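Heads up: the structure comes next, in structure tokens.
Since every read-out is calculated from the coordinates, none of them should be taken as a lab result. Here the structure is a predicted model, which is why all the values come from computation and not from measurement. Neighbour counts are summed over all protein chains in view; Cβ atoms, including those assigned to glycine, are modelled from backbone coordinates with ideal geometry.
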Amino acid sequence: MEDHGIKLPKEFYLGTASAAYQIEGATTQDERGPSIWDQYVKVPGAIENGDTGDIACDHYNRWREDLEIMKHLGLNAYRFSISWSRVIPKGRGKLNKKGLDFYSQLVDVLLEYKITPFVTLNHFDLPQKLQEEGGGWLRRGVHNDFNEYTDIVTQELGDRVKHWTTFNEPWELAWQGYHTGEDAPGLKLGVDAALEASHNVYLSHGHVVQTIRDNVPDAEVGIVIHLNHVEPATKNPKDIAAAKRWEGCQNRWYLDPIYQGQYPEDMMKLYGPLLPEIQPGDMETINQPLDYLGLNMYRRSVISGGTDLAPVNIKRVNPPGEYSDMGWEIYPKGLYDILKWTDSNYPTKKIYVTENGVACNDPITPDGRCHDTRRVTYLREHIKQALKAREEGVPVHGYFAWSTMDNFEWAYGYNMRFGVIHIDFKTQKRTIKNSAYLLQNIAKTQ
Ligand code: IFM
């Protein structure tokens with residue numbers, strides 16, 4: 001492999017990330033309860049090719065092999081999520097010991113391999129029972145259930161897991177689950193529902209921060225937000241205003257409450273009657289001091305005025321350039337820009353780049369390898385941009401490539417491959433891609 005030109009700092013996490021529903025499979029094994037994704041994938045037309053997560057990468061049964069590969073690559077961290085309905089099949093009440101034991105064993109072997117576990121408590125899946133009772137995240141009291149689940153998981157794993165994330169990508173969870181309907185539970189209820197779900201997710205986040213700290217006094221606690229650097233498509237004041245609204249909708253709506261204890265005023269005004277009820281004390285609950293921000297970034301957002309997501313009224317513009325198989329622009333400087341923007345507007349102790357990656361569907365070639373050249377370039381250039389921001393003082397302490405292995409890419413099913421490990425979904429054969437060897441080479445520089 002040609003020289004990548006990267007020297008990793010000491011004390012820096014380099015790893016990959018995954019999510020339970022996307023890789024585990026075994027959706028009915030060992031008394032796991034159904035989640036909203038098990039239900040949603042049954043809706044005709046919801047997922048490309050009618051794919052489901054029933055088997056996925058069968059990681060629930062093949063996790064030892066997957067961890068062996070991480071060890072072989074010399075990665076020092078792994079970010080994964082816990083399936084709530086594997087641990088508490090009905091969302092509250094009866095615990096499924098076998099489900100909890102799965103994660104406990106996983107953590108033991110990670111530590112044996114000197115791989116630091118970063119655990120996400122919620123990465124898009126919710127026990128189906130809680131969806132049926134009161135509409136999932138639309139029910140304000142859902143935070144009690146999330147707290148019960150957090151309490152159980154942190155009591156069990158907290159002696160070994162020290163990095164905890166409450167939620168992954170609250171914007172996607174709320175807007176794509178309750179407004180655009182492209183993700184589970186697949187509801188198209190409107191912006192008001194997305195804002196309501198979002199507020200309840202944030203209340204749940206706020207409530208469990210203290211629970212994690214009580215159970216794991218030496219924990220680092222954070223949240224993971226999908227942040228893209230926003231740029232107006234032109235200097236036209238209409239585009240500038242639209243870009244500001246998109247930045248408000250996707251970035252500031254999620255950062256302001258965490259770091260400033262309030263929703264952004266301009267967006268409150270814009271949403272007006274669509275806003276959920278914000279009760280006295282809510283913003284204080286949400287505004288818990290955190291130890292880190294998890295930042296997910298894939299592309300930048302170039303925005304003009306339009307009619308999408310009214311009243312946000314934007315249109316995403318695709319400037320000339322290189323695009324992934326998913327149709328997302330490849331723009332490494334966007335990672336530097338968003339890190340700098342975040343650091344100057346929301347100074348925080350630590351930032352981890354918790355997801356960054358690219359969909360390129362490269363096949364296995366006759367030499368038995370996967371030459372995912374575009375991903376090699378993508379990861380290398382983005383890691384450089386993250387380290388550049390770090391050199392300029394942004395407290396970037398880790399980088400996780402999305403994703404550990406090709407997996408169930410939500411509404412795209414198995415059509416989009418993000419992994420640094422190739423999965424043959426017919427045979428479950430794992431093949432280490434060139435991009436994983438790049439990470440291995442970078443890891444060696446530490
Ligand atoms: O696969 C997803 C992941 O679950 C959340 N962040 C974006 C990834 C790529 O779409």
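Which members of segment 397-418 meet the condition of being over 23 Å from ALA386 (Cβ atoms), of a type in the set (Gly, Ala, Ser) and within 11 Å of the ligand (Cβ to nearest atom)?
Correct list: ALA411 only.
Report, by residue number, each residue of segment 223-242 that is within 16 Å of the ligand (Cβ to nearest atom), closer than 16 Å to ASP256 by Cβ and crowded, with 22+ Cβ neighbours inside 10 Å.
Passing the criteria: ILE223, ILE225, LEU227.
Would you check if TRP164 is within 16 Å of the ligand (Cβ to nearest atom), closer than 22 Å to MET297 by Cα and not in a loop (DSSP other than H, G, I, E, B)?
no
Give me a count of the residues in segment 361-396 that are farther than 16 Å from HIS226 by Cβ, within 16 Å of the ligand (Cβ to nearest atom) and buried (at least 22 other Cβ atoms within 10 Å of the Cβ).
Count: 4.
Tally up the residues in segment 166-184 that are more than 10 Å from the chain's Cα centre (by Cα) and not hydrophobic (A, V, I, L, M, F, W, C), please.
So the answer is 9.
Out of GLU172, GLU182, report the one residue that is within 16 Å of the ligand (Cβ to nearest atom) and assigned to a loop (DSSP other than H, G, I, E, B).
GLU182
Out of the residues in segment 119-149 that are at positive phi and not hydrophobic (A, V, I, L, M, F, W, C), which is nearest to the ligand (Cβ to nearest atom)?
Here the answer is GLY136.
Of everything in segment 33-51, what is on the phi < 0 side of the Ramachandran plot, surrounded by fewer than 22 Cβ atoms within 10 Å (Cβ to Cβ) and in contact (Cβ under 8 Å) with a residue 40 or more places away in the chain? Give them in sequence order.
Correct list: PRO34, ASP38, GLN39, VAL43, ALA46, GLU48, ASP51.
List every residue pair whose Cβ atoms lie under 7 Å apart, where the two residues are 6 or more positions apart in sequence or sit on different chains, the first residue falls within segment 197-214 and is closer than 19 Å to TRP253 by Cβ, and the second residue, located anywhere, is among the aromatic types (Phe, Trp, Tyr).
ALA197/TRP137; ALA197/TYR178; ASN200/TRP137; VAL201/TRP137; VAL201/PHE167; SER204/PHE146; HIS205/PHE167
Residue-wise test of (1) more than 22 Å from SER18 (Cα to Cα); (2) among the polar types (S, T, N, Q).
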{"position": "ASN345", "(1), (2)": "yes, yes"}
{"position": "THR348", "(1), (2)": "yes, yes"}
{"position": "GLU355", "(1), (2)": "no, no"}
{"position": "VAL358", "(1), (2)": "no, no"}
{"position": "THR365", "(1), (2)": "yes, yes"}
{"position": "THR377", "(1), (2)": "no, yes"}
{"position": "HIS382", "(1), (2)": "no, no"}
{"position": "ALA389", "(1), (2)": "yes, no"}
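Out of all the residues in segment 1-27, which are touching a residue at least 24 places away in the same chain (Cβ under 8 Å), part of a loop (DSSP other than H, G, I, E, B) and out of contact with any strand residue (DSSP E or B) (no Cβ under 7 Å at 6 or more places or on another chain)?
MET1, HIS4, GLY5, ILE6, LYS7, PRO9, LYS10, GLU11, GLU24, GLY25, ALA26, THR27
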